[in-house]
Amino acid sequence: MKKIILTTVIVLLSIFNNAKAQTGLNFIGRTFDYQIDNFHLNLEIVSDNQAKWTYISAPNNETGKTAVENCKIEEISHGIYKIYWTEKDGSNVVDIFNLNSNEVFVAFSLPNNKLYNYKTSFKIISEKSENMLPIEKVNFKSNNQNVVGLLCKKDNKKKKPAVVILGPICSVKEQSPIQYATRLSEKGFVALCFDARGYGESEGQPRQFESLKNKEEDVRAAIDFLISRNDVDADKIFVIGICNGTNEMMQVSIDDKRIKGIALVSGNYLIKENMVDLLGNEKIWDTHLQRAKLAKEKFEKTGEVEYIKITDSIGNEQLLPPLPIYEWYHPWENKAPYFTYRGGWQNKVTAMSELETLNFDALSVAKKISKPTLLIHGEMSDGGYEYAKQIFNSIPTQNKKSVWIDKTVHFQFYDDPRVIGQAVNEISDWSNQVN
């Protein structure tokens, strides 16, 4: 059956290739309207691997039926695109669109091996503006578990440098990471942010387990995903850590040869003195650590997971006691339907998570970094300049640069377009100079 479809496709291609080519033709982002027998349908090319079809009118009460298909798209000649997929019932569909002549050839085989071929004209009823930024939801595997990310890129004109972005502790992709991904894509990057395993839309148990080791694995898997794409220059892979994400990115960069350079943005560096300051005093630090040990022992013996709050307006038992942190994150707890775009942030984390975060030694890791490094920090970022300068001075490579932004608080690196814009400009300019 596949041979029959392929033969028919080849015949149609020979006809289509005689059409006069036009320039400036785009395929992704357009919606095509056409009629096949008694079926009037629209086909929206959502991304380079997804298409959505809708029956505008159809027999057998199927009017309005719609589905999103995982598809493959190939430009087989200038202005001629092949899109194909397999539907849930096993039907195979091949559409060939000739944008030079506004014709479409449709071939599909049903599970009973019946083959149908149609050739008809189409009209384009909508298309995304070239100035619109495509944000594509993507999936990839990390340690055999599904990770959900957001991929941002400006166009498909050539292979581009790519960047993986890892956000603050317990964050989701819809928070600060997407702010950097969208802006970096405007600078010519293929930019990827994602929900780490155990968070948001990604798989992983226990939920809300803050594991530096797991996140490092996720970053490596994200790099695997990027270099498998034909729009990414595999020799130009960069990583960016924001806040706590700086720690994992430093660790990953040490031995992953695929990483060209690392950018550290407003890092909350896991240095004991910094964490003691964050929690309040050394007694609180020790209380948190002992609680984490007991929670880990309980989990290993019984499988029961203990949770603590990430932020709160009172007390010091939460993961992050400072009140400004609570004030920034509190609105993200609102789960009203009109706030679903904010993603799946939850104000809880496994108590055993602190066994990793409080025992991590960021200074020891920094001393092993040999990759080109850019460090950006605000005067009132976590730990002020003191701990960030300790990190910067510990990095042995000579190919490093620091940017110190006065009168800037930590959360401006999360949501202030002026500060994020400045950071992105610095990252873009620096990456262009990395050899």
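Couple of notes before you dig in:
- Among residues of segment 208-242, those that are assigned to a loop (DSSP other than H, G, I, E, B), touching a residue at least 24 places away in the same chain (Cβ under 8 Å) and either touching a strand residue (DSSP E or B) at 6+ places or on another chain (Cβ under 9 Å) or small (Gly, Ala, Ser) (or both), counted: 6
- Each residue in segment 147-199 was checked for being at positive phi and buried (at least 23 other Cβ atoms within 10 Å of the Cβ), and 2 pass.
- Scanning segment 366-386 for residues that are surrounded by 18 or more Cβ atoms within 10 Å (Cβ to Cβ) and of a type in the set (Gly, Ala, Ser) yields Ala366, Gly378, Ser381, Gly383.
- Only residues that are among the hydrophobic types (A, V, I, L, M, F, W, C) and part of a loop (DSSP other than H, G, I, E, B) were counted across segment 27-80, and they come to 4.
- Any hit, segment 302-312, residues being surrounded by fewer than 21 Cβ atoms within 10 Å (Cβ to Cβ), at positive phi and modelled with pLDDT of 95 or more: yes
- Counted residues, segment 77-108 - those being β-branched (Val, Ile, Thr) and under 29 Å from the mean Cα position of the chain (by Cα): 2
- Hey, Tyr326 assigned to a helix (DSSP H, G or I) and either at pLDDT 95 or above or surrounded by 18 or more Cβ atoms within 10 Å (Cβ to Cβ) (or both) or not: yes
- Residue that is surrounded by fewer than 20 Cβ atoms within 10 Å (Cβ to Cβ) and modelled with pLDDT of 95 or more, where the choices are Gly204, Gly280: Gly280
- Tally, over segment 412-427, of residues that are acidic (Asp, Glu) and assigned to a helix (DSSP H, G or I): 2
- Entry remark, segment 290-315: residues being under 26 Å from Glu327 (Cβ atoms) and touching a residue at least 60 places away in the same chain (Cβ under 8 Å) number 4 in total.
- Elements of the type helices (runs of 4 or more DSSP H) sitting completely within segment 337-410 and holding at least 1 residues that are touching a residue at least 12 places away in the same chain (Cβ under 8 Å) and within 23 Å of the chain's Cα centre (by Cα): there are none.
- Residue check: Ala181 meets all listed conditions (1) assigned to a loop (DSSP other than H, G, I, E, B); (2) under 27 Å from Asn347 (Cα atoms) but one, namely (1).
The values are calculated or read from the model by the stated rules, or taken from the named source; none is laboratory data. Computed from a predicted structure; not experimentally measured. Cβ sites come from the backbone with ideal geometry, for glycine too, and all protein chains shown count toward neighbours.
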